[in-house]
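Have a look at the structure below before the remarks.
What follows draws every value from the coordinates through simple rules; no lab data is involved. Note that this is a predicted model, so its numbers are computed, not measured. Because the Cβ atoms are built from the backbone with ideal geometry, glycine has one as well, and the counts that use them run over all protein chains shown.
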Amino acid sequence: MFKLEKRPQPSKVWTFGAPILAVVLTIILGMGLFAILGKDPILATKVIFWDPLFGEFADLDRPDVIKKAAPLILIAIGLSFGFRAGIWNIGAEGQYIIGAITGAALALSFYPMEARWLIFPLTILFGALGGLVWAMIPALLRVYFKTNEILVSLMLVYVAEVLIKAMAIGALRDPDGFGMPGSRDLRRFASAANPDLITGSGIHLGVVAALLSVVAAYIALTRHQFGFDVRLAGQSPRAAAFSGVNPSRLILVCMAISGALAGLAGVFEVTGPSGKILGSFPTYYGFTAIIVAFLGRLHPVGILLAGILLALTYIGGNLAEQSLGLPAAAIKCFQGLLLFSLLGVDLLTNYRIKLRSKGKAQ
Amino acid sequence: MREKLLELKGLTKAYPGVVANSDVTFTIGKGEIHALLGENGAGKSTLVKTIYGLVKPDTGTMLLDGAEFRPAEPKAARASGIGMVFQHFSLFDALNVAENIALGMENPPPFSDLSSRIKSVSETYGLPLDPARIVGDLSAGERQRVEIIRCLLQDPRLLIMDEPTSVLTPQEVATLFDTLRLLSSKGTAILYISHKLEEIRTLCEHATILRLGKVVGTCDPRETSARDMAEMMVGSKLHTPTNAGKKAGEVLLELKGLSAPAPHRFGTALKSISLSVRSGEIVGIGGVAGNGQDELVAALSGEMGTGAQMIFLDGRDIGAASPNERRALGLCAAPEERNGHAAAPDMTLTENALLTARTRKQLTKNGFVDWEKAREFARDVIAAFDVRTPGPENAARSLSGGNLQKFVIGREIMQKPRVLVVNQPTWGVDASAAASIRQALLDLAAEGAAVVCISQDLDELMEISDRFAALNGGELAAPRPTEGLTVETIGLMLGGAHDMEPAHV
């Protein structure tokens, strides 16, 4: 029989080993799944993980992976602070949408003025502010009225979704669009556009911001007092209070960070890859980022890798769907397996498995 | 010589990296009150857990009445007549006494039977207890009686008691000892574990001393001095705290009518506490746990908000100051609960050093943590307070309770505070380490700090404090000079009657 024994302290080896083992396990389990579905398991795995990066048409797929990974990473980095401190902002999707609306609204209010030096930074700033303000609603309600931030932030996602649909056919509708829903295409408004820095590379300023956020988060968590307070509050709330961490301030700051980064992701998306305020703008990046944050173990570098990995399974999954006829549900299942094995393997960090021999027990 | 009840022969138990018991051999006679002595980590817990069937020895045997005794689990040990009262009670606050006792029994009889059995046992052994009372309303001493009666209902032949007096008032201790002597005279052996050597001298007739897992000696406590026993435990000369003549200076900390509502349902409200503590002085605050100790520490540390004009440091109202502002002004505190309050168990000792010392030891610069400096400070604390750990990068949870306590207290003392508030500074710490912690508190006071020491260990308060005050139901009695106070007087100050309970409001 097996027996779990708590380790006196977390294993250093398994902190890094667990995610790798989880990915390996997922691939093995996934191959089993593909085989049952009657597909060549090796080929399917190759199409999902290898082809988007190094395959024949990788030059077309790679930019897509980057464009999908960047907002996931940016939002997940913001969420990771709150999640570490036990503050559950589930509404990043809403903050992402609002960031896109406020950023686009500001840019469009200047249309067609040509002053990129002024309009572009303001657009980005307003996007971040929009997300921040939207996140402050659950944060302030929590601090002053002890409401549950999980419910409030989640409900505000639906409000944001309705709001963007209203904007697409109302205030922000393209006046030259022949009555079609949707705003002007910001990619064609040079003062506010967020194009690829190198054409066709998929690397726009949002990607740069995502990478910077990883570095900043790493420094904050390992070197700064704030990161220490966040970790302390999450692990031992009473010790944090004793240490002098003000819980209300921590809630406000963590929610502000996650809201602002989600808003940033939104405004980079609306000025770049998607271009327009549309009813179909919601992309579930805000929700997927929650998975990315946990898959990356709330660690900045982990989140970077997890964001790329998840983007890869999306793009690779699409490829597998098109070229091998793999059902979309199988891809979803595969992503689920990934999270499932990671959380399972996570156990090894804090526990060790001991074999219990029956004979010796007496 | 008494008839043999339990013989331990060459018991050895090793855990990865440490030998908890090594070739432990001794005998407990029928009806004997046998003390088991040793420092933190000497292997006492492992040994009693072996007898109680919680731990299986690697080698060695036990004989009960001459027959081989190998309990596979506590149930088997209980069936063979071994009972154990743990240091931490396992009782449900919301249930009554009889229900709690029934929960611990294999085949509980109907409640009417059980209640009458509880009554008869409690009368026989002088343990007054009403089976219908809710456990949440009982004092610590009464809760312990529930645990003892739970054992006695199984007619044990050997009763193991782990640190039974740490939560009791002197009067409750006296009652307990009467009960134990009565049990002994009726043939029940008692294996008694305690750090309080004077108690062992009055109660026990035989003592086995463990050090680093080995039996290093036996003695008759009635004829051995506490000092000699302590030195056998430690294996070296014991250092007694000395109170270098000191003069009380100006008032550093002053409480004027400090009141605060209970922070949670089972908390205690503080009621108009007034106290002034002078430089160079140690004020001891005694009282049974749950009478406002935690709340007083929280109010002083800044963790719990209080009104204005209640707490003064150097004559300055600090009621609104945050914990770190108070530390910057020189007020440090160490709460009682180490795990999760005074220290974060999953963090390293370096990180735990940063937890309170960031301000006074300047461990941060522009908000950035100087980890090298924090590690250095953690190392200093480890060295100065003899914290047994491989190094400052180990998680706090990997330390034994006593060692973590040394670290937590050391961390505050080494910040050289002007006012230090400690709650249960030597709780769970062995005799020699406790002596060095007390010495450090005395030294701190001698250097001009004002110290408030809250403790349930009255001997400790008698030893180090200049004035003594009792905290009862959130109210603090006027402090009296410790010199000349007897343990009996203090017991009365704490609340009087032998059957005392914390006041409930």
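Which three extents, in whole angstrom, do the alpha-carbon atoms of segment B:408-458 cover along their principal axes, largest first?
Largest to smallest, the principal-axis extents are 26, 18, 18 Å.
Might you report the magnitude of the Cβ-based charge dipole of segment B:399-464 about its Cα centre, with Lys and Arg at +1 and Asp and Glu at -1, to the nearest 20 debye? Please report the intermediate quantities before stating the final value.
On the way: 5 positive and 8 negative charges, 64 e Å.
Approximately 300 debye in magnitude.
Which far-off residues, 5 or more places away or on another chain, put their amide H under 5 Å from the one on A:Asp174, with H placed in the peptide plane?
A:Gly182, A:Ser183, A:Arg184
Report the one residue of B:Leu329, B:Leu458, B:Gly187 whose Cα lies farthest in the direction of the positive end of the charge dipole of chain B (charges on C-beta: Lys and Arg +1, Asp and Glu -1; origin at the Cα centre).
Selected residue: B:Leu329.
Could you give each residue of segment B:137-146 its phi-based ³J(HN,Hα) in whole Hz, using Karplus coefficients 6.51, -1.76, 1.60 with θ = phi - 60°, and x for Gly or Pro?
So the J values, rounded to whole Hz, are 8, 8, 6, 4, x, 5, 4, 5, 4, 4.
For the residues A:Val207, A:Val24, A:Val159, what sequence is obtained by ranking on other C-beta atoms within 10 Å, fewest first?
Details: A:Val207 23, A:Val24 12, A:Val159 15.
Least to most surrounded, the residues fall as A:Val24, A:Val159, A:Val207.
Give me a comma-separated list of calculated 3J(HN,Hα) values for segment B:447-462, in order, Karplus coefficients 6.51, -1.76, 1.60 applied at θ = phi - 60°, integers in Hz, x for any Gly or Pro.
7, x, 7, 9, 10, 10, 10, 9, 7, 9, 8, 5, 4, 4, 5, 4
Which value in nm describes the separation of the simple spin-label points at A:Asn246 and B:Glu372, placed 7 Å from the Cα toward the beta carbon?
Between A:Asn246 and B:Glu372, the simple spin-label model gives 3.3 nm.
Taking only C-alpha pairs under 8 Å that are 6+ residues apart, what is the relative contact order of chain B in percent?
Details: 1057 pairs, mean separation 77.6, N = 505.
Value for chain B: 15 percent.
For every helix of n ≥ 4 consecutive DSSP H residues, a contribution of -39,500 (n - 2.57) applies; sum these over chain A, divide by its total residues, and give [θ] at 222 nm rounded to the nearest 500 deg cm²/dmol. Present the calculation step by step, with values, prior to reporting the outcome.
Working: 15 runs with 252 residues, N = 362.
Estimated from H runs of four or more residues: -23500 deg cm²/dmol.
What is the set of long-range amide H partners of A:Thr147 at a cut-off below 5 Å, with H atoms built 1.01 Å from backbone N?
Correct list: A:Arg142.
Based on Cβ point charges of +1 for Lys and Arg and -1 for Asp and Glu, what charge dipole magnitude is obtained for segment B:37-145 about its Cα centre, in debye rounded to the nearest 20? All intermediate terms of the calculation are to be shown ahead of the outcome.
On the way: 11 positive and 13 negative charges, 28 e Å.
That gives segment B:37-145 a dipole magnitude of about 140 debye.
Enumerate by residue number the trypsin sites (Lys or Arg not before Pro) in segment B:254-313 meeting two conditions: DSSP loop (anything except H, G, I, E, B), and at most 11 other Cβ atoms within 10 Å of the site's Cβ. Walk me through the numbers on the way to the answer.
Numbers: sites: B:Lys256, B:Arg265, B:Lys271, B:Arg278; in loops: B:Arg265.
Sparse-neighbourhood loop trypsin sites (Lys or Arg not before Pro): B:Arg265.
Longer than 28 Å from Cα to Cα, which of B:Lys13/B:Lys406; B:Lys186/B:Lys214; A:Lys354/B:Lys373; A:Lys146/B:Lys365; A:Lys12/B:Lys56 are they? Say none if no pair is. If you can, show how the numbers build up before the last one.
Numbers: B:Lys13/B:Lys406 26 Å; B:Lys186/B:Lys214 31 Å; A:Lys354/B:Lys373 39 Å; A:Lys146/B:Lys365 34 Å; A:Lys12/B:Lys56 30 Å.
As for pairs spanning more than 28 Å Cα to Cα, those are B:Lys186/B:Lys214; A:Lys354/B:Lys373; A:Lys146/B:Lys365; A:Lys12/B:Lys56.
Long-range amide H contacts for B:Ser274: which residues qualify at under 5 Å (H placed 1.01 Å from N, peptide plane, sequence gap of 5 or more or a different chain)?
Correct list: B:Gly257, B:Leu258, B:Leu476.
Quick one: which of A:183-192, A:197-206 comes out on top by average Cβ neighbours within 10 Å, and what's the full order, highest first?
Numbers: A:183-192: 19.6, A:197-206: 15.6.
The densest-packed peptide leads the list: A:183-192, A:197-206.
Where does the Debye-calculated log10 I(q)/I(0) of segment B:40-87 sit at q = 0.15, 0.16, 0.23 Å⁻¹, using only Cα point scatterers of equal weight, no solvent?
Debye intensities relative to I(0), on a log10 scale: -0.38, -0.43, -0.85.
Using the Kirkwood radius over C-alpha pairs as Rh, can you work out the diffusion coefficient of the protein assembly as shown via Stokes-Einstein at 4 °C, viscosity 1.567 mPa s, in µm² per second?
Values: Rh = 31.3 Å.
For the chosen part, D equals 41 µm²/s.
So which trypsin sites (Lys or Arg not before Pro) in segment B:130-178 pass both tests, a DSSP loop state and at most 15 other Cβ atoms within 10 Å of the Cβ?
B:Arg133
Which value, in nm² and rounded to one decimal, describes the direction-averaged projected area of the C-alpha convex hull of segment A:190-273? Intermediate values should be presented prior to the final figure.
Details: hull surface 27.0 nm².
Value for segment A:190-273: 6.7 nm².
Can you give the percent of C-alpha pairs in segment B:170-216 whose distance is more than 15 Å? Mind dumping the intermediate values first?
Details: 552 of 1081 pairs.
Of all Cα-Cα distances in segment B:170-216, 51 percent exceed 15 Å.
Within chain B, what's the longest run with no chymotrypsin sites (Phe, Trp or Tyr not before Pro) in a DSSP loop and at most 13 other beta-carbon atoms within 10 Å? Give the range, please.
The longest uninterrupted stretch comes out as B:267-505.
Quickly rank A:102-113, A:333-344, B:331-342 as a protection proxy: mean count of other C-beta atoms within 10 Å, highest first.
Values: A:102-113: 19.8, A:333-344: 18.0, B:331-342: 22.9.
The peptides rank, most packed first, as B:331-342, A:102-113, A:333-344.
When DSSP assigns beta bridges and you keep just the ones with both residues in the protein assembly as shown, what percent turn out antiparallel, to the nearest 5?
Antiparallel bridges: around 55 percent, rounded to the nearest 5.
State the volume of the convex hull built on the alpha-carbon positions of chain B, expressed per residue in Å³ and rounded to an integer. Present the calculation step by step, with values, prior to reporting the outcome.
Values: hull volume 73.4 nm³, N = 505.
Cα-based convex hull of chain B, divided per residue, equals 145 Å³.
Kindly state, to the nearest 0.05, the FRET efficiency for B:Ser236 paired with B:Asp65, given R0 = 30 Å and r defined as their beta-carbon distance.
Working: r = 39 Å, r/R0 = 1.30.
Calculated value: 0.15.
Give the residue from A:Leu304, A:Ile119, A:Leu264 lying farthest towards the positive end of the charge dipole for chain A; charges sit on Cβ (+1 for Lys and Arg, -1 for Asp and Glu) and the dipole is referred to the Cα centre.
A:Leu304
Using only the Cα atoms of segment B:331-378, what semi-axes does the equivalent ellipsoid have when each is the square root of 5 times a gyration tensor eigenvalue? Give whole Å, largest first.
Working: eigenvalues 73, 31, 13 Å².
With the √(5λ) rule applied to segment B:331-378, the semi-axes are 19, 13, 8 Å.
In what order do B:Glu460, A:Glu5 fall by count of nearby beta-carbon atoms within 10 Å, going from fewest to most?
Numbers: B:Glu460 23, A:Glu5 10.
Final ranking by Cβ density, sparse to dense: A:Glu5, B:Glu460.
Just the number: Rg to Rh for segment A:38-326, Cα atoms, Kirkwood Rh, two decimals.
Details: Rg = 19.6 Å, Rh = 19.5 Å.
Value, to two decimals: 1.00.
Across every pair of different alpha-carbon atoms, what Kirkwood hydrodynamic radius in Å does segment A:121-193 reach?
Details: mean 1/r = 0.0697 Å⁻¹.
Evaluated on segment A:121-193, it is 14.4 Å.
Looking at segment B:4-234 from every direction and averaging, what is the projected area of its Cα convex hull in nm²? Don't jump to the answer; show the numbers that get you there.
Values: hull surface 49.0 nm².
Taking the Cα atoms of segment B:4-234, their convex hull projects to 12.3 nm² on average.
I need the calculated FRET efficiency for the pair B:Ala76 and A:Leu29, taking r as the beta carbon distance and R₀ as 51 Å, to the nearest 0.05. Present the calculation step by step, with values, prior to reporting the outcome.
Numbers: r = 43 Å, r/R0 = 0.84.
It comes out at approximately 0.75.
Given 5 Å bins starting at zero, what is the percent of C-alpha pairs of segment B:1-89 in each, up to the one with the largest pair distance?
Reading upward from the zero bin: 3, 13, 24, 27, 21, 9, 2, 0.
Mind sorting A:Tyr285, A:Tyr144 by how few other Cβ atoms lie within 10 Å of their own Cβ, fewest first?
Values: A:Tyr285 23, A:Tyr144 9.
The fewest-first ordering by Cβ neighbours comes to A:Tyr144, A:Tyr285.
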